[in-house]
Amino acid sequence: MANQFFGALQKHSNAKVEILNNYFIPWLRKINLGSYSMSRSLVIDGFAGPGVYEDGELGSPIKLLLAATEFCDQCDDNGWKQPSITLIFIEGNKDNYNKLKETIIDNWQAEFDEEDYARLPDYPTIAIQCINNTFATAFKDLLDDIKPGQTLIPSFCFVDPFGFKDTPFELFEKYLSNEKAELLFNFMFEEINRFVTTKNSPKLMETYSNLFGVDDIQELQDLIGDHKKDARKKIVVDYYSRQLLEKSDAKYVLNFEFKKNGRTKMFLFYSTKSTHGLKLMKKQMWKVDDTGLYLFNDKKSADQIEFEFVKEVKDETMRQDLSKLIYENFAERQVGIEFIEEFVLTQTIYPIENYMKQSLKLLEKEGLLIATNRKKPMSYPDGCMVKFN
Ligand SMILES: C[S@@+](CC[C@H](N)C(=O)[O-])C[C@H]1O[C@@H](n2cnc3c(N)ncnc32)[C@H](O)[C@@H]1O
């Protein structure tokens with residue numbers, strides 16, 4: 001399977017790296033430009049892969065590193081202070097690990113020391129560590145180094161395994177207890193789903209208990225019962241979401257489904273405490289799929305052309321739907337625009353951009369709201385108040 005995977009970056013993997021990259025670049029900017037002192041951030045790629053595929057396509061660690069160096073260039077061009085960015089790449093396979101290191105050495109003239117740390121001569125504020133170990137061992141070591149009372153610097157962790165044996169929930173729970181820690185986890189649904197109801201292998205059941213962070217996987221098995229297909233999928237995915245929301249410190253969890261040849265392969269689970277992070281991730285996932293399903297389907301997207309007028313009609317229908325949701329939630333109340341934004345972000349499928357203000361306009365045209373504290377009509381700037389009839 002591994003060879004086939006690396007032969008050429010498959011389409012659904014491509015969309016996955018696109019979401020990662022489109023999120024990570026603005027995340028770096030937000031973290032680093034938002035602070036007055038020397039800004040620091042940590043990026044972990046837990047199953048890094050070789051970095052470059054046989055067809056030349058770039059994998060996640062190289063995309064992350066390129067984004068970091070480009071951001072440093074941008075800071076240089078604008079006279080901003082240089083951000084301190086640490087990237088940790090964990091890769092269990094020796095060949096992939098060597099290939100990744102070689103790519104970093106060849107392209108950035110990095111010099112690795114005996115502990116596998118490297119600085120890039122042209123980017124002295126970027127530090128890289130490549131670790132040839134299993135994810136769970138390396139990640140546990142890293143988390144164990146955080147002393148009680150300390151918290152990690154702002155961090156983003158991407159976990160993209162082949163299977164599900166080495167991604168125990170307790171490590172994510174510990175990681176997410178840090179103040180500004182975000183996780184993007186590729187939950188390998190198809191493989192997980194295959195044996196999740198097994199009752200005759202104590203070892204496998206223990207692996208499932210570790211994956212879901214429960215003492216006994218029996219509870220999930222009982223919930224699944226005789227459910228099949230979509231109903232079963234929903235139970236498994238909701239169960240994992242519930243664990244993240246209830247057992248870890250993540251405040252928001254968003255997932256995005258990937259289908260290949262009509263079958264669900266995986267779900268990207270994003271977990272954060274930050275509404276800014278949630279807003280940004282929704283926006284980036286919406287770019288990959290703007291139907292509201294949060295789904296990438298390789299069959300559907302085969303370079304299909306969507307006529308502009310079809311898209312406009314679809315967007316308009318969605319805005320009408322959102323305006324209804326907003327009105328139902330806020331009728332006969334007066335609230336600050338930030339409350340409406342939080343509602344749209346956390347309680348609806350819609351992203352903020354292109355939807356929230358447009359939906360408010362629809363309501364205002366119908367005479368269903370009055371806004372104050374604004375300079376221009378039909379605008380909803382920060383600080384404005386909205387009174388719903
Ligand atoms: C799905 S690939 C990662 C692809 C990569 N994220 C990308 O976008 O290019 C999974 C990688 O994890 C490595 N791997 C497998 N088991 C591992 C483990 N337990 N710990 C760390 N790496 C592992 C594999 O060798 C493989 O390179």
Given the conditions (1) within 8 Å of the ligand (Cβ to nearest atom); (2) over 14 Å from Phe156 (Cβ atoms); (3) crowded, with 20+ Cβ neighbours inside 10 Å; (4) not small (Gly, Ala, Ser), report the number of the one that Lys101 does not fulfil.
(1)
Run down Lys101, Lys140 and say which single residue is modelled with pLDDT of 95 or more, part of a helix (DSSP H, G or I) and under 26 Å from Thr207 (Cα atoms).
Lys140
With the requirement that a residue be at pLDDT 70 or above and surrounded by 19 or more Cβ atoms within 10 Å (Cβ to Cβ), what does region 1-16 give you?
Ala15, Lys16
Here is a list of conditions, (1) more than 20 Å from Leu65 (Cα to Cα); (2) touching a helix residue (DSSP H, G or I) at 6+ places or on another chain (Cβ under 9 Å); (3) within 14 Å of the ligand (Cβ to nearest atom), and Pro161 meets all of them except one; can you say which number that is?
(1)
Out of Phe169, Phe156, Phe162, sole residue that is under 16 Å from Tyr240 (Cα atoms) and either aromatic (Phe, Trp, Tyr) or assigned by TED's automatic domain parsing to the domain that holds Met281 (or both):
Phe169
If I go through region 118-147 residue by residue, how many of them are within 26 Å of the chain's Cα centre (by Cα) and either under 23 Å from Leu171 (Cα atoms) or exposed (fewer than 15 other Cβ atoms within 10 Å of the Cβ) (or both)?
19
In the list Gly46, Gly59, which residue meets the criterion of being near the ligand (Cβ under 8 Å from one of its atoms), crowded, with 19+ Cβ neighbours inside 10 Å and at pLDDT 95 or above?
Gly46
Could you count how many residues in region 114-137 are part of a loop (DSSP other than H, G, I, E, B) and at pLDDT 95 or above?
5
Listing of helices (runs of 4 or more DSSP H) fully contained in region 290-389 that carry 3 or more residues being at pLDDT below 95
308-330
Quick one: Phe172 ticks every box in (1) within 15 Å of the ligand (Cβ to nearest atom); (2) farther than 26 Å from Lys81 by Cα; (3) surrounded by fewer than 20 Cβ atoms within 10 Å (Cβ to Cβ) bar one, so which box is it?
(3)
I'm told Lys147 meets every condition in (1) away from the ligand (no atom under 16 Å from the Cβ); (2) within 22 Å of Leu254 (Cβ to Cβ) except one. Can you identify the failing condition by its number?
(2)
For residues in region 77-98 being among the charged types (D, E, K, R) and modelled with pLDDT of 95 or more, which is nearest to the ligand (Cβ to nearest atom)?
Glu91
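The values are calculated or read from the model by the stated rules, or taken from the named source; none is laboratory data. Model, not experiment: these values are computed from the prediction. Note that we place each Cβ from the backbone using ideal geometry, even for glycine, and neighbour counts take in every protein chain shown.
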